[in-house]
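The next block holds one structure in the form of structure tokens; read it before the comments.
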Amino acid sequence: MGSERTSRRELLKGGAALAGGVTLGELASSQAQAHDHPMTPGSQNASPMILGSKELVEYGQRSRYVTSVRIQHPPGGRPSPDLFGKVFHVASPLQDSVGVITPSSLHYVATTRGSYMPDIDPKLHTLTIHGLVDQPLTLTMDDLKRFPSVTRLHFIECAGNRHTPRQKTVQETHGMTSCAEWTGVLLSTLLKECGLKGSATWFVAEGAEEVKGASSMPIAKAMDDCLIAYGMNGEALRPQQGFPVRIIPPGFEGIFHTKYLRRIKVVDRYYMNYNDFGHLREDPKEAALSEQIGPKSVITYPSGGQQLPGRGFYEISGLAWSGGGAIRTVEVSTDGGKKWNLAELKTTPQRMAHVRFGYQWTWDGNATEILSRATDEIGQVQALREQIAQWWNVPVERNYRVPGLDNSVMPWKIAKDGSVTNGLA
Ligand SMILES: Nc1nc2c(c(=O)[nH]1)N[C@H]1C(S)=C(S)[C@@H](COP(=O)(O)O)O[C@H]1N2
Ligand SMILES: [Mo]
């Protein structure tokens, strides 16, 4: 045990040397403390045994010391009458996230206002594909699972994921996005089975609730990469994520990811639906053009509400994603945007999936501002709020609302005492 600990210490020292030969400060001293109190059986720090409760044996639970949870979004938002309970929007705790996969229990949730969460028996559920097809299909869940499957990592992001000066944590500013591994059948596979008529240019995906959660999408998207998903992170979809089946149109605004999918109608024009009037644009010309999420990134550590224990070495960590494809690069600035440095991508960037980035930084203890900016594989660069204001010819006031989807660069302020706060405030 002793030698293991020493080597880990040396490893940390090595990392700090790479980052400019500085001492680790707080990090090193906490390691030394750990060394003084080894976790040997019988010592004060030895943990009591966890008994095999039904919950731990049958369907695993996390440690009771891990307490990160989802929260209502926005805090104090309007209550909903649905089965799930009180809120339409629930944000994921990005400040505690590691890697790129959001655990299903912590995936953000968005429910259309006035909607409810249906409790669907998968044996009774069917998916119908009809409209401008040669042969309409009605599939049971068992039928669907007989088609060749694909498994892909994709993020979803709600259009309501926008950062304002009043929000305090990254969960509040950016928690309405998550990334999961989805398993299902490509919509193109099913449409080939039906045979598309020449006039087919759009399709409408409809959910099972009263408000039908319907959206129109181009048939080109259907034939490209839309996934009819029944699996999530290695198991069945969760009810809040659309059990037993939903559509994943990768990179499109969250509202297009219809849950409880029961019908796909192939049509020859953009169909205006409840979603267009409730959430999207009411002008069909604009609505038909506002689907794709722009390149976006956010630093999750250090982020609002967190506290740096002191000057020294840190790895700045965050997430980046784009509806335009895979992320190509992420840059981090630690001086309020004067100098931008290339960050390290911690996972292989995949199309329309979160990628984790890291940047090794030695904080000198002075007040500063840290920011991140993403560039995707088609060359789109995440814009600063100032740039977006210029395009729209609006003044950059503190409360300025970025028009459309807000993928602007997010600043975090770090004070001399190490406290981290919203840089827009
Ligand atoms: N049937 C149905 N599909 C739906 C919704 C809904 O309320 N009903 N909400 C949409 C919205 S606004 C978003 S952002 C995403 C959120 O997916 P999630 O709740 O799995 O995170 O689902 C979309 N699909
Ligand atoms: Mo949404």
Test: residue in region 264-284 that is modelled with pLDDT of 95 or more, open to solvent by less than 10 Å² (accessible area, probe 1.4 Å), among the aliphatic types (A, V, I, L, M) and not in a strand (DSSP E or B): no
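Residues are listed down the side, and each one gets a yes or a no for (1) in contact with a Gly (Cβ under 9 Å, 6 or more places away or on another chain); (2) in a strand (DSSP E or B); (3) away from ligand 2 (no atom under 14 Å from the Cβ):
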site	(1), (2), (3)
MET217	no, yes, yes
ALA220	no, no, yes
MET223	no, no, yes
ALA229	yes, yes, yes
PHE243	no, no, yes
PRO250	yes, no, yes
ILE255	yes, no, no
Could you tell me whether region 237-250 includes any residue that is modelled with pLDDT under 95, among the aromatic types (Phe, Trp, Tyr) and within 13 Å of ligand 1 (Cβ to nearest atom)? no
Can you tell me how many residues in region 121-149 are open to solvent by 30 Å² or more (accessible area, probe 1.4 Å), away from ligand 1 (no atom under 16 Å from the Cβ) and touching a residue at least 12 places away in the same chain (Cβ under 8 Å)? 14
Is it the case that some residue within region 366-374 is surrounded by 15 or more Cβ atoms within 10 Å (Cβ to Cβ), over 24 Å from MET176 (Cα atoms) and either in contact (Cβ under 8 Å) with a residue 24 or more places away in the chain or touching a Phe, Trp or Tyr at 6+ places or on another chain (Cβ under 9 Å) (or both)? yes
In region 286-322, how many are modelled with pLDDT of 95 or more, open to solvent by less than 20 Å² (accessible area, probe 1.4 Å) and part of a loop (DSSP other than H, G, I, E, B)? 7
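Condition check: modelled with pLDDT under 95, touching a strand residue (DSSP E or B) at 6+ places or on another chain (Cβ under 9 Å), near ligand 1 (Cβ under 10 Å from one of its atoms) and under 30 Å from VAL170 (Cβ atoms). Does ILE255 satisfy that?
yes
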Just to be sure before I move on: is ILE228 in contact (Cβ under 8 Å) with a residue 24 or more places away in the chain, under 30 Å from VAL133 (Cβ atoms) and touching a helix residue (DSSP H, G or I) at 6+ places or on another chain (Cβ under 6 Å) in the structure I sent? yes
Restricting to region 139-170, name every residue that is in a strand (DSSP E or B), aliphatic (A, V, I, L, M) and within 16 Å of ligand 2 (Cβ to nearest atom). ILE156
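The values are calculated or read from the model by the stated rules, or taken from the named source; none is laboratory data. No experiment lies behind these values; they were computed from the predicted model shown. Glycine also receives a Cβ, built like all others from the backbone with ideal geometry; neighbour counts cover every protein chain displayed. Heavy atoms of the whole protein, side chains included, go into the accessibility calculation; ligands, DNA and RNA do not. Shrake-Rupley method; radii C 1.70, N 1.55, O 1.52, S 1.80 Å.
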